[in-house]
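Colleague: Input: one structure, supplied below.
Computed from the coordinates by the stated procedures, all read-outs in this text should not be read as laboratory data. Since we're looking at a predicted model, the values are computed, not measured. Backbone-built Cβ (ideal geometry, glycine too); neighbour counts: all protein chains shown.
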Amino acid sequence: MGAGKVDPIEKPKFVERRAQGTNHTRADRGRGSSARPKGPEPAGLDARRLAVRLIEAVLLKGHTLEDALAREEKDHSAPVLESRDRAFAHLIAATVLRRHGSLTAVIGSFLTRPLPKEVHRPRSILLVAAAQILLLDTPRHAAINLAVEHCQRDPDAARFDKLANAVLRRVATDGPAILAKLDWPKADVPGWAWTRWVQAYGAELASMIAAGSLREAPLDISVKADAADWAQRLGGHLLPTGSIRVGTHGRVEQLVGYADGDWWVQDAAAALPARCLGDVRGKRVLDLCAAPGGKTAELAAAGAHVTAIDIVVDRLARLNENMARLKLAGSVETLAADCLRWTPAEPFDAVLLDAPCTSTGTIRRHPDLLHLKRPEDVAKLAKLQADMLSKAAHMVKPGGLIVYCTCSLEPEEGADVVEAFLAATPSFARRPISATEIQADPNWITPAGDLRTFPMHLSLEPPAISGMDGFYAARLVRGT
């Protein structure tokens, strides 16, 4: 699957619960003990600490935000937070990662000189507080007081408490005006990505792509049947594509129908490539790079006999869990293997290849990608994608279909791979995709007949529920 594919259990948005009193904690192992002032810790401080740890795990250690969250859940020395506090910490961290350029610019305008590069903790605390003040509607006094308290109780930031107080008061009073004057969305996009998008799509479209990428994604689900009925039961919006867009209702696992396996989480754009295979009832379909299984579920629910392959054992285990919950395990065979080295006993009727990629089309769901991806990743992954597509060509029967897709915005990981493959493999031809057959907007189909969605596509009311992931897909047929 693409490197940023969405797991079928996503975390929705939450609002912080204004609780009184302190959080129950396990042993703190001396976190900040040398600088800790007297008196009980204020409510909400541990949530901010968690947000700081998540941010630093991404920015300093190179972990994904998802991996950082998983590590925190396994850390028994960390404070025990209620689910809403953990969700608020995640929201703060995601907001900082999404708007890091803007927040850094606002904070920097109130510093007489930049913080030393090696000073990380005070910078993280300032970012957390600024995000709350400017973007998350947290009461100013609460954000400032907790940031100062955080500094005082952390030995790596204690000497910056007065600076934090002074800077954040300026952020609260003058920050909104400075934020409004920044060159957004360019301010929050890595320079290499902005340059590439302008070169590929032009300045106007690049700006729209960036703006769509920097908006938090709503929750989309795919259902086995009766989408209109499920939209009503879940209080969601039935999208033109057939997916359901759900509002904020707490944990996904607690929504009606989840435990019974009636639906799975899948972005509306990610649900389109599998449909390009057409009617798969009774057919043997190979799903390469399949985990966590959204497309596998689509194919199995449509009546296919699916062989799902992924190289990552843990991710394949999650796919098996999802298929069991969805009651689709009987239609799916799973295999942990490297598809570049694996050869099937006999070719398949169809192959779906969701290739590993930079996943720049999924920034709205994974803002950590803004900080983890590098321009050199594009060429490296494009080579891998080309190798995988060439290998997949030997896994499909004559007359069979391959759907190649990535969740990348980069042409080198989409159309360029397909064009090079077709030029080198005369036994294959492009079979154009029609918007009608996959319930897509005609504007999402390229002149060549490929699928190309962008983050600003699917404009809805209210605007907060608009958008979709950036996806590319091409349909190829093997000659008989």
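Colleague: Rule-of-thumb check for the range 226-292: C-alpha Rg over 2.2 N^0.38 Å?
Modeller: 1.26
Colleague: Hey, with R₀ at 51 Å, roughly what FRET efficiency would S109 and S427 work out to, going by the Cβ-Cβ distance, to 0.05?
Modeller: Efficiency computed from Cβ-Cβ geometry: 0.25.
Colleague: Relative contact order for the range 251-365: what is it in percent, counting Cα pairs under 8 Å that are at least 6 residues apart?
Modeller: 28 percent
Colleague: Additional query: Applying a 10 Å radius around every beta-carbon, put 441-448, 126-133, 187-194 in order of their mean neighbour count, most first.
Modeller: Descending mean neighbour count gives 126-133, 187-194, 441-448.
Colleague: What list of ³J(HN,Hα) values in whole Hz, one per residue of the range 111-119 in order, does the Karplus curve 6.51 cos²θ - 1.76 cosθ + 1.60 (θ = phi - 60°) give from phi, with Gly and Pro shown as x?
Modeller: With coefficients 6.51, -1.76 and 1.60, one gets 9, 5, 8, x, 5, x, 4, 7, 8 Hz.
Colleague: Now for a separate question. Compute the signed sum of charges (Lys and Arg +1, Asp and Glu -1) over the other residues within less than 14 Å, Cβ to Cβ, of G242.
Modeller: Taking every Cβ under 14 Å from that of G242, the sum is -4.
Colleague: In terms of modelled amide H atoms, which long-range or inter-chain residues lie less than 5 Å from the amide H of V351?
Modeller: Amide H to amide H, under 5 Å and 5 or more residues apart or across chains, V351 pairs with L286, L401, I402, V403.
Colleague: Using a Förster radius of 22 Å, what is the FRET efficiency between R71 and V312 based on their Cβ-Cβ separation? Nearest 0.05, please.
Modeller: After rounding to 0.05, the efficiency reads 0.85.
Colleague: For each pair in K186/K373; K327/K391; K295/K380; K283/K397; K224/K397; K61/K186, compute the distance between the two Cα atoms and list the pairs where it is over 19 Å.
Modeller: From K186/K373; K327/K391; K295/K380; K283/K397; K224/K397; K61/K186, over 19 Å: K327/K391; K295/K380; K224/K397; K61/K186.
Colleague: Still on this structure, please answer the following. Using Stokes-Einstein with the Kirkwood hydrodynamic radius over Cα pairs, what translational diffusion coefficient do you get for the range 51-115 at 4 °C and a viscosity of 1.567 mPa s, in µm²/s rounded to a whole number?
Modeller: 100 µm²/s
Colleague: Counting other beta carbons within 10 Å of each residue's own, what order do K186, K283 fall into, fewest first?
Modeller: By the 10 Å Cβ count, ascending: K186, K283.
Colleague: With Cα extents along the principal axes in Å defined as stated, name the option among (1) 78, 46, 43; (2) 62, 61, 38; (3) 71, 51, 30 computed from the structure displayed.
Modeller: (1)
Colleague: Also: Among L126, I92, T241, pick out the residue whose Cα is farthest towards the positive end of the charge dipole of the chain, where Lys and Arg carry +1 and Asp and Glu carry -1 on C-beta, about the Cα centre.
Modeller: L126
Colleague: Would you list, by chain and number, the aspartates and glutamates whose Cα falls below 20 Å from the Cα of K162, excluding same-chain residues fewer than 8 positions away?
Modeller: E41, E118, E149, D154, D174
Colleague: Shifting gears a bit: First measure r as the distance between the Cβ atoms of D229 and E333, then evaluate 1/(1 + (r/R0)^6) with R0 = 22 Å and state the FRET efficiency to the nearest 0.05.
Modeller: Taking R0 as 22 Å, the efficiency between D229 and E333 is 0.10.
Colleague: Whose amide H sits under 5 Å from the amide H of A337, counting only residues 5 or more places off or on another chain, with H placed in the peptide plane?
Modeller: It is D310, I311, by chain and number.
Colleague: Ranked by Cβ crowding within 10 angstrom, fewest neighbours first, how are I402, I178 ordered?
Modeller: Listed from fewest to most nearby Cβ atoms, that is I178, I402.
Colleague: Fewest to most neighbouring Cβ within 10 Å: what's the order for Y404, Y201?
Modeller: In increasing order of surrounding Cβ atoms, one gets Y201, Y404.
Colleague: L136 to R169: extension gain in nm, 0.36 nm per residue of separation minus the Cα-Cα distance?
Modeller: Full-extension gain reported as 10.3 nm.
Colleague: Another question about this same structure. Restricting to DSSP H runs of at least four residues, report the calculated mean residue ellipticity at 222 nm for the chain, -39500 (n - 2.57) per run over all residues, nearest 500 deg cm²/dmol.
Modeller: Theoretical 222 nm ellipticity from helices: -12000 deg cm²/dmol.
Colleague: Oh, and also: Rounded to the nearest whole Å³, what is the per residue volume of the convex hull around the Cα atoms of the range 33-181?
Modeller: Enclosed volume per residue, from the Cα hull, is 113 Å³.
Colleague: Could I have the simple spin-label model distance between A379 and E437, label points 7 Å from Cα toward Cβ, reported in nm to one decimal?
Modeller: Label at A379, label at E437, 3.7 nm between them.
Colleague: Can you run phi through the Karplus equation (6.51, -1.76, 1.60; θ = phi - 60°) for the range 222-239 and list ³J(HN,Hα) in whole Hz, with x for Gly and Pro?
Modeller: Rounded to whole hertz, the list is 10, 10, 5, 7, 6, 4, 4, 5, 5, 4, 5, 5, 8, x, x, 10, 7, 7.
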